[in-house]
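So the structure is just underneath, and the comments pick up after that.
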Amino acid sequence: MDSLLAFFTVFTQPELLLLVGVGTFAGVYIGAIPGLSVTMAVSILISFTFSWDVYPAISLMIGIYMGGVYGGARTAILLNIPGAPSAIATAMDGYPLAQRGEAGTAIGITTVMSFFGGFVGIAVLAVAAPFVSDFALKFQPRDYMLLAVLGILLVGSLSTGSLAKGIFAGAFGIAVGAVGMDPLTFTQRFTFDIPLMRGGISFIAVMIGMFGVSEALLQLHHIGLPAIRQKITRIVPSWGTLRKHLPLSLQTSAIGVMIGALPGTGGDIAALMAYDHAKRVTKNPERPFGQGAIEGLVAPETANNAAVGGAFIPMMTLGIPGDAVTAIMIGALFIHGLNPGPMLMIDQPNMFWFIVGALVTANFFMLLFGLTGIRLFVKIVEMPRSVLIPLILLLSIVGAYAVNNSITDVYWMLGFGFFGYFMRHYGYPLGPVILGVILSRLLDDNWRRAIISEREDLGRFFWGIFSSPLSLTLFAAVVLIFVSQTPVWSKAKSALARRQDR
Amino acid sequence: MGWMDHMQDQEYDNHDGTSDATPGGYPDRRRPGELAFAGFLLAASLYLLYSAYGIAGFEALSSPGAVPMATTAVMVISALIVVIRTAKLHTFANETISGSILPRTVIIFTGLLIAYGLLLKPLGFLPTSALFLIASIRILSDRGWGFVFAVSTGSLLLIWLVFRIIFTVLMPAGIVPEAEFIQFFRDLFQHGAA
């Protein structure tokens, strides 16, 4: 009964309802404008909502998150430029549709499918999270440690980039998170005897730099971008179209939730994997993939919105973020004195049900804004980048300064911005860095707890891992990621294939 | 890998790395400066490993230096792998540092951002931001000064109002008597209401 009340918190407080609505509206446009990403917006916002209560702050962020994951699709369809990373796959079939003059149909389908996927994600979150959190109480410190390592590794291994660079990024993040005084022994770590570094590096400065400044600098490369004007006619898709794609949309939603729920991986990877899946299972598409197949819109759009609900599962139950945005939200909860993890679900179940309620509301708002306001949309997206980029940079600086009223944070932010700019150019993923910074403390604490409880004996530690099914599974997953990326694996695979041929 | 030479530049998308799903760079080519960057990362990682060793040495597995040492060791190993792999690749003939990696606008903006950071405290938020916006919009757009001034001051005013009033963010006032200004308006409205 209490949880039902908490679920409806958003509806009973007009202020929260308004914030979710404003957030979703802003999210759709932030997602749609190339160069403005959800991660960027949420990381800048966290510092501005610092002085707010936790409910309004979370409401706004959830709205932006839900709307932003969807919004990228529109520019992908209209301009062939994914407005957000999660819409990269959408452009492949959306833009050919727009070229045929069917942009309206494409936008309609992506909107309804995003709504559908969003609901599947939220439903799974609502059903699964309480179970996972019960289960999570059985987690040993070593399991938390393994899970954190797994999350940092997953981004590097599931993306198209190199695992070595992903691992480097993750380890770098953990090192950045360790800067300052060690909370247990007050030993200084990586401070180089500079008093300023004793307090550590503000993770908000790192995030705004990596996702705000580096992105804005990158956008300077594409300053002159032509916009295509489209006449948009029918938007709401027919019932028949929706029914026809129901089986596929269920499958791709499931992919989305799973990828979202894996620590570290989010909507962008989910969308690409779902697109691949659709290509494999669709036997006779009306049009070939890459030339305007409807299936090529259904798959990524259901998956990336389903990943939103999925990403909240590990965040709410284990305190381990499902993707970069939930990593930032964990930071926001910390700032507001909450400690995400299994105890949060037990101590404050209302918080969980409130988030579920806010997600549902945001999903409805997304449907509403998705099917209306296209004309306004075209105007806003045409906002010149020559104005947009300086404004993003200004907001990044204000955001970094606002958290601690400290100019040092601004310098850190700029430093990480320039560094992130080069990392992007040379193929180092940024997600693992943020994940590393956020999880550094958790990893460190749990390692020390685990090894102290085993009396500093590595043999006993590994014996503990091998005697617990959960630890063993996690450990095997970590090892498997490594092995699958080494030459040994491909050699073994080809050797096996040869043997089978004989 | 001769056939790769015939591959067109365009076949690679997203090489600027806007997303973690498709990070930048090329799987089989080296971008200009990539090896130097990897080398820098390796050197920095080695230094951090040395610094991590200095925290507690090999005192105990649960010492405050244990996780930092492990992570920096991982950094060194992965950076080394990246250096070796990158060194083996050929560079792109049609990419240059100044063209693809660090074009002039990016360098100019780097300078502008550093100048902003230096001026923010002494000059204050409003004048610094106004200068920054005017300079950067003027550099990026080919519009006249009138447009540049109108857009910069207009958007700055909006940002200031939103953040000062809705988010109650306090930026350094510098030479602008911000507090007195706001108080003036407050008094004005209170008198009006009374």
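Descriptive notes on the structure:
- Filtering segment A:1-56 to residues that are surrounded by 17 or more Cβ atoms within 10 Å (Cβ to Cβ) and among the aromatic types (Phe, Trp, Tyr) leaves A:Phe7, A:Phe25, A:Tyr29, A:Phe48, A:Phe50, A:Trp52, A:Tyr55.
- Hits in segment A:336-350 (condition: touching a residue at least 40 places away in the same chain (Cβ under 8 Å) and outside any loop (DSSP other than H, G, I, E, B)): A:Pro342, A:Met345, A:Ile346, A:Pro349, A:Asn350
- Search result, residues across segment B:63-93 that are in contact with an Asp or Glu (Cβ under 6 Å, 6 or more places away or on another chain) and not in a helix (DSSP H, G or I): B:Pro64
- Subset of segment B:54-64 (residues that are closer than 14 Å to A:Val179 by Cα and either among the aliphatic types (A, V, I, L, M) or at the interface with another protein chain (Cβ under 7 Å from one of its Cβ atoms) (or both)): B:Ile55, B:Pro64
- Meets criteria (modelled with pLDDT of 85 or more, among the hydroxyl-bearing types (Ser, Thr, Tyr) and within 19 Å of A:Ala26 (Cα to Cα)) for A:Ser440: no
- Only a single item in (1) assigned to a helix (DSSP H, G or I); (2) out of contact with any Phe, Trp or Tyr (no Cβ under 6 Å at 6 or more places or on another chain); (3) more than 18 Å from A:Leu272 (Cβ to Cβ); (4) among the aliphatic types (A, V, I, L, M) is not met by A:Met40, and it is number (2).
- Segment A:127-138 - residue that is crowded, with 20+ Cβ neighbours inside 10 Å and of a type in the set (A, V, I, L, M, F, W, C) and, of those, modelled with the highest pLDDT: A:Ala129
- Count - residues of segment A:405-444 that are of a type in the set (Asp, Glu) and within 9 Å of another protein chain (Cβ to nearest Cβ): 1
- Scanning segment A:179-220 for residues being hydrophobic (A, V, I, L, M, F, W, C) and outside any helix (DSSP H, G or I) gives a total of 8.
- Any hit, segment A:359-376, residues being at the interface with chain B (Cβ under 10 Å from one of its Cβ atoms) and free of Cβ contacts under 8 Å to residues at least 24 places away in the same chain: no
- Segment B:120-139, residues that are surrounded by fewer than 17 Cβ atoms within 10 Å (Cβ to Cβ) and either free of Cβ contacts under 8 Å to residues at least 24 places away in the same chain or within 17 Å of the chain's Cα centre (by Cα) (or both): B:Leu131
- Index of the failed condition, B:Gly111 passing every other in (1) away from every other protein chain (no Cβ under 11 Å); (2) in a loop (DSSP other than H, G, I, E, B); (3) not hydrophobic (A, V, I, L, M, F, W, C): (2)
- Residue match in segment A:475-492 (condition: within 14 Å of chain B (Cβ to nearest Cβ) and among the basic types (Lys, Arg)): no
- In segment A:307-335, the residues that are assigned to a helix (DSSP H, G or I), over 13 Å from A:Leu272 (Cα atoms) and among the small types (Gly, Ala, Ser): A:Gly309, A:Gly310, A:Ala311, A:Ala324, A:Ala327, A:Gly331, A:Ala332
- The sole residue among A:Met66, A:Met61, A:Met113 that is touching a His at 6+ places or on another chain (Cβ under 9 Å) and at pLDDT 90 or above is A:Met113.
The values are calculated or read from the model by the stated rules, or taken from the named source; none is laboratory data. Source: prediction; values computed, not measured. When we count neighbours, we look across all protein chains shown, and the Cβ atoms used for this are built from the backbone with ideal geometry, even at glycine.
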